[in-house]
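Here's the structure, in structure tokens; my notes come after.
The values are calculated or read from the model by the stated rules, or taken from the named source; none is laboratory data. From a predicted model like this one, the values you see are computed outputs, not experimental measurements. Neighbour counts are summed over all protein chains in view; Cβ atoms, including those assigned to glycine, are modelled from backbone coordinates with ideal geometry. Just the protein is used for accessible areas: all its heavy atoms, side chains included, with ligands, DNA and RNA removed. Shrake-Rupley method; radii C 1.70, N 1.55, O 1.52, S 1.80 Å.
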Amino acid sequence: QNINEYVAALIALKQKMIDGDRLLTEYEQKCTDILSFSICISALRCQVEEMLQKILPLEKCQEELGSLKAELEEKKVCL
């Protein structure tokens, strides 16, 4: 009976090792995924910053155009 208990304990231990290896593999994959997502997020942040830098001058131009349009409307009314 002791041998049967010993074999059963070894089988249980082996199963736990297999489960542990599987969990470790899943954990490593998730870490790899997180790293990949972090790289993508950094790239997207850079793109957003670039777009914001391009938008600011366009907003200024839009304000200037609005002012010019208002000025032209005033001149049109006067004429």
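Taking each residue as 0.36 nm, the span from E49 to T25 lengthens on full extension beyond its C-alpha to C-alpha distance by 5.0 nm. Give the residues of segment 28-58 whose amide nitrogen is closer than 14 Å to a point set 7 Å from the Cα of L65 in the direction of its Cβ. Backbone N within reach: 55-58.
Tell me what the chain gives for mean residue ellipticity at 222 nm when only DSSP H runs of n ≥ 4 count, each as -39,500 (n - 2.57), the sum divided by the residue total, rounded to 500 deg cm²/dmol.
-37000 deg cm²/dmol
Between the helical axis of 2-78 and the longest alpha-carbon principal axis of the chain there is an angle of about 0 degrees. Its Cα centre serving as origin, the chain has a Cβ charge dipole (Lys and Arg +1, Asp and Glu -1) of approximately 120 debye. Note on K76 and S42: their simple-model spin labels are 5.2 nm apart, each label 7 Å out from Cα toward Cβ.
Taking 17 Å as the straight-line reach from the Cα of K16, the aspartates and glutamates in range (excluding those fewer than 8 positions away in the same chain) are E5, E26. In this structure the chain gives 99 Å² per residue of accessible area when probed at 1.4 Å with all protein chains present. For segment 22-75, the C-alpha radius of gyration sits at 2.32 times the compact-globule guess of 2.2 N^0.38 Å, with N the residue count. Straight-line cross-link partners of K69 among the lysines, defined as a Cα under 27 Å from its Cα and at least 8 positions apart when in the same chain: K54, K60.
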